[in-house]
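First comes the structure, then the notes that go with it.
Every number here is computed from the coordinates shown, using simple stated rules; none is lab data. Every value quoted in this text rests on a predicted model; they were computed, and no experiment measured them. No Cβ is skipped: glycine too gets one built from the backbone with ideal geometry, and neighbour counts run over all protein chains shown.
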Amino acid sequence: MRKTLPLLLVAALVLTSCGRIRDSRINPFNWFGRAEARQLDGSESNPLIPRRSALAAREVPDTRTRVGSVTNLVVERLPGGAIIRATAVSDRQGAYEVALRPVESEETPEGLVQYEFVAYQPMAPQGTEASRSLTAAARLTDQELAKISRIEVLGARNALTTRR
């Protein structure tokens with residue numbers, strides 16, 4: 001009983017002083033103050049985008065090459081757009097980082113979108129056609145589809161085209 005009564009008195013005094021500490025600099029919640037809004041102009045950089053340092057790796061150019069021949073091209077409608085799915089057969093087995101890369105050319109006619117079926121193709125031995133089969137896809141939005149009447153996928157030896 002002797003130890004608990006003084007302990008309760010000290011705890012009561014500490015709790016009653018919390019009201020005075022709330023506005024003091026002792027309280028860690030007051031160390032930085034309230035948030036203030038300000039307008040940003042275009043000259044300030046975004047702090048969430050890191051700056052490139054001298055030690056950062058430089059961007060490597062895309063050196064993937066076109067895959068042998070495109071065998072299938074399908075455009076599947078989705079809510080909000082479409083997915084272009086293409087299948088191709090590579091010349092060599094073990095191709096990786098397969099993609100449909102957009103071809104941007106000023107000579108392309110209006111309404112035509114061209115993609116290259118590309119991959120890194122090692123000098124591995126040639127396997128069966130089933131083991132060399134590759135599939136890649138690209139997504140288009142409804143806004144992009146409104147301007148398109150033909151989609152063409154280019155391989156190394158052929159091209160497949162689909163029309164609306």
In order through region 55-60: 3J(HN,Hα) via Karplus (6.51 cos²θ - 1.76 cosθ + 1.60), integer Hz, x for Gly, Pro: 8, 5, 5, 6, 5, 8
Loop-located trypsin sites (Lys or Arg not before Pro) in region 67-143, at most 16 other Cβ atoms within 10 Å (DSSP): Arg92
Sequence-distant residues sharing a close amide H with Val103 (under 5 Å, placed H): Gln114, Tyr115, Glu116
Residue-count net charge about Ala86 - beta-carbon cut-off 11 Å; Lys, Arg +1, Asp, Glu -1: -1
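Taking every DSSP beta bridge with both residues inside region 108-164, roughly what % is antiparallel (nearest 5)? Numbers along the way, then the final one.
Working: 5 of 10 bridges.
Expressed as a percentage, antiparallel bridges in region 108-164 total about 50.
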